């Protein structure tokens with residue numbers, strides 16, 4: 001058992017996939033959206049307007065003010081995309097968006113705890129964890145408040161899936177850190193060989 005502990009603050013995280021459903025509480029006139037904003041709109045093929053942004057993400061816009069935003073790579077980019085869109089539709093479509101509801105539909109995060117984890121020890125100590133190394137090199141750990149699933153690897157790198165709300169990310173990571181700390185499964189701080197080689201040059 002190592003004296004090293006993991007924490008939410010020390011855990012690196014990166015969004016791998018983020019899809020959100022939005023409600024802008026306005027009515028979009030889709031032919032106008034297509035003409036003024038340059039969105040693709042073919043009601044015979046798809047009921048919404050497809051508004052691709054040069055930043056790499058896309059809004060699917062529907063007449064009732066609902067939308068799907070796909071392709072953003074971070075929470076900050078999600079917020080920035082929504083704010084830019086609100087300004088754009090006010091200036092170009094004369095639509096004032098005063099309220100936006102955001103619901104995450106698909107959120108996949110990669111995490112790095114920067115420690116080595118004894119997965120065999122973890123699975124024996126922590127309820128709702130599953131590990132079959134002959135089938136898959138990662139351990140599966142489920143939590144229920146908030147509901148989410150972690151894939152944990154011995155390197156301390158993890159994948160987090162299943163969350164629906166941005167505000168639950170830190171709380172979910174906290175549950176993982178608590179489980180790892182209490183399990184006594186930390187072998188020690190992971191030393192990355194590539195970084196170590198670079199530092200010696």
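Where a number appears in this text, it was derived from the coordinates with a stated rule and is not lab data. Since this is a predicted model, take the numbers as computed values, not measurements. Glycine also receives a Cβ, built like all others from the backbone with ideal geometry; neighbour counts cover every protein chain displayed.
Data for the structure
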quantity: Gain on full stretching of the segment that runs from residue 187 to residue 74 - 0.36 nm per residue minus C-alpha separation; calculated: 37.6 nm
quantity: For segment 1-116, alpha-carbon Rg relative to the globular expectation (2.2 N^0.38 Å, N residues); calculated: 1.35
quantity: Inter-centroid distance (Cα atoms) of segment 115-152 relative to segment 1-62, Å; calculated: 31 Å
quantity: Those residues of segment 153-181 whose amide nitrogen sits under 17 Å from the label point placed on residue 135, 7 Å along Cα→Cβ; calculated: 153
quantity: Relative compactness, the chain, computed as alpha-carbon Rg over 2.2 N^0.38 Å; calculated: 1.31
quantity: If the convex hull is drawn through the Cα atoms of segment 106-190, its volume per residue in Å³; calculated: 84 Å³
